[in-house]
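The values are calculated or read from the model by the stated rules, or taken from the named source; none is laboratory data. Just so we're clear, the structure is a prediction, and the values are computed from it rather than from any experiment. FYI the Cβ positions are ideal-geometry reconstructions off the backbone, even for glycines, and counts take in every protein chain you see. Accessible surface is based on the protein model in full, side chains and every heavy atom, while ligands, DNA and RNA are left aside. Shrake-Rupley method; radii C 1.70, N 1.55, O 1.52, S 1.80 Å.
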Amino acid sequence: KCQGVVNWEGKEIIPCNYISIKELKYNTFQVSSSKGIGLMDTLGRMLIPPVYAYMQDLRDTNFLQVGRHAGTWGLYDRTGKLIADTLFGGFEEPFGSLIPFYADFNFRIQNNSRVYDEKRIGFMDYSGNILIEPMYDRINRDYPKKGQIRLAYGNNYCVIDDKGKLVEGQFNTVTFQKPTSESTQPSKLKKKKHKKRVRWL
């Protein structure tokens, strides 16, 4: 079975080529094909190609998070503009002209299970430009004053306004070290045996 969309006059807007079509929201339809999930508008234009495994609203905003099977997330607005490719650990509701994002979660195998690194939070603008690198593990909106954000890592903190300008303190300069392999044994490389060349007369 396939689904499509027609208008009140019976004119086909979206052809019956899709496995499912979700309800109309902000004049857009979420469409699912055998390749993945995408977004179309009420004129039948493809805004986001149906290649993603997941698609969800970013709270009550005009943004959509899209995800791949690898577990990474990207961000679009509902006009189909790509803001961030699927390289991040997720996004939070925008604050002023800032979009909080999480760095991709690195993991390692320990005791036969995945162990993820701590969440690191940064900020980008509406064009996807990273304004503040993901160097923080906690953020508090409208603190200490409305329109400001307190960023913290451990006991270190600073305060920015809703445009990313530093108001109090200093930005974090601590670099995070990625976990290394638990093995301390040096790798043993096998030496290649070189065969003697025979010269034929």
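The number of residues in the range 100-136 that are assigned to a loop (DSSP other than H, G, I, E, B), among the charged types (D, E, K, R) and modelled with pLDDT of 90 or more comes to 2.
Residue check: is Pro94 buried (at least 18 other Cβ atoms within 10 Å of the Cβ) and not aliphatic (A, V, I, L, M)?
It is true that Pro94 is buried (at least 18 other Cβ atoms within 10 Å of the Cβ) and not aliphatic (A, V, I, L, M).
Within the range 113-131, residues that are over 15 Å from Asp85 (Cβ atoms) and open to solvent by 40 Å² or more (accessible area, probe 1.4 Å) have Cβ atoms under 6 Å from residues that are part of a strand (DSSP E or B) and at pLDDT 75 or above in these pairs: Lys119/Tyr102; Leu131/Phe123, counting only partners at least 6 apart in sequence or on another chain. Entry remark, the range 45-62: residues being over 30 Å from Gly10 (Cβ atoms) and open to solvent by 20 Å² or more (accessible area, probe 1.4 Å) number 9 in total.
Quick check: anything in the range 25-37 more than 23 Å from Thr86 (Cα to Cα), surrounded by 12 or more Cβ atoms within 10 Å (Cβ to Cβ) and of a type in the set (Gly, Ala, Ser)? Checked against the condition, which is being more than 23 Å from Thr86 (Cα to Cα), surrounded by 12 or more Cβ atoms within 10 Å (Cβ to Cβ) and of a type in the set (Gly, Ala, Ser), the range 25-37 yields no hits at all. Pairing residues of the range 144-166 that are within 13 Å of Ile132 (Cα to Cα) and touching a residue at least 40 places away in the same chain (Cβ under 8 Å) with residues that are open to solvent by 40 Å² or more (accessible area, probe 1.4 Å) and of a type in the set (S, T, N, Q), at Cβ distances under 8 Å and at least 6 apart in sequence or on separate chains, gives Ile149/Asn140; Asp162/Ser97; Lys163/Ser97; Gly164/Ser97.
Consider the range 70-99 and keep the residues that are part of a strand (DSSP E or B) and among the aliphatic types (A, V, I, L, M). The one that is modelled with the lowest pLDDT is Leu87. Put simply, of Thr42, Thr79 the only residue that is farther than 22 Å from Ile99 by Cα, of a type in the set (Ser, Thr, Tyr) and open to solvent by 30 Å² or more (accessible area, probe 1.4 Å) is Thr42.
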